[in-house]
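Laboratory data are not the source of any read-out in this text; all were calculated from the coordinates shown. The structure displayed is predicted, hence computed values, not measured ones. Glycine gets a Cβ as well: all are built from the backbone with ideal geometry, and neighbour counts include every protein chain shown.
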Amino acid sequence: MKNTTVFLLSLLSIPAFGQKQEVEAKLVEYGIAQAFLNTSLQDHDATHYFDIKTTTNDGTKNIVDIGYFNPELPVGKRWVIKTSNGVTPPKKEAKKFNKAHNTKQKDINGKVDDNSWKIVSDTENEIVISFKYDRESLPNKFAFLADCLGSATINKKTKRLESASFVNEGPLKIKIFNVTELDMTVEYLYI
């Protein structure tokens with residue numbers, strides 16, 4: 001019986017391990033380094049400027065915030081809001097944006113669960129790979145990401161990450177808010 005249990009467990013672990021190997025093999029086939037996904041999905045050591053546009057629905061209306069990230073500013077002040085619903089935000093809104101985006105933690109990146117990598121699609125122009133974060137590796141602020149399925153879209157010609165998206169797999173609690181639907185997409189535009 002013990003041998004049967006060990007055999008069944010090893011059968012269950014082979015496909016998961018094989019999926020990561022399959023993903024890495026595909027990336028290498030397209031000339032993309034194996035460590036590409038892990039390093040591309042991190043942002044605490046970001047060295048590039050970029051803009052951000054977030055749309056949040058508070059149950060009654062959409063709130064569109066536009067801002068930017070400046071890696072030369074001190075940690076905790078790198079995210080800056082420019083407008084909220086098309087106007088310069090009042091101090092209260094700017095403070096809320098700052099609290100939500102800026103962090104003084106140095107290591108804010110979670111680790112991807114090695115058993116979660118999967119190829120979702122592989123077309124002529126791009127490859128889409130899904131993944132999940134390991135819950136224990138995420139800082140408390142981003143713990144909700146463990147209940148989301150992430151996907152990374154990589155352009156095969158430029159060998160760059162074009163977008164990362166996260167969709168919840170069930171109801172979430174983010175701080176004090178109960179969230180029934182989360183669809184977050186980060187698009188990377190290289191200038």
*asked:* Below 15 angstrom from the Cβ of PHE144, what's the summed charge of the other residues (Lys, Arg +1; Asp, Glu -1)?
replied: -1
*With labels modelled as points extended 7 Å from the Cα through the Cβ direction, what inter-label distance (nm, one decimal) is found for THR123 paired with GLU181?*
2.3
*Separation between the ALA35 and THR56 pseudo-spin-labels, each 7 Å from Cα along Cα→Cβ, expressed in nm?*
3.5
*Using a/c under 1.5 as the rounded threshold, could you call region 130-176 rounded, prolate or oblate? The axes a ≥ b ≥ c are square roots of the C-alpha gyration tensor eigenvalues, and prolate needs a/b larger than b/c, oblate otherwise.*
prolate
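How high is the relative contact order of region 50-101, given as a whole-number percent (alpha carbon pairs under 8 Å, six or more residues apart)? Intermediate values should be presented prior to the final figure.
On the way: 73 pairs, mean separation 13.7, N = 52.
That works out to 26 percent.
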*Mind running the shape call on region 50-101? Use the C-alpha gyration tensor, a ≥ b ≥ c as the square roots of the eigenvalues: rounded below 1.5 for a/c, prolate if a/b tops b/c, oblate otherwise.*
prolate
*Whole Å is fine, so just give me how far the alpha carbon centre of region 143-166 lies from that of region 62-87.*
22
*Which net charge results when you count Lys and Arg as +1 and Asp and Glu as -1 among the other residues whose beta-carbon is under 9 Å from that of LEU189?*
-3
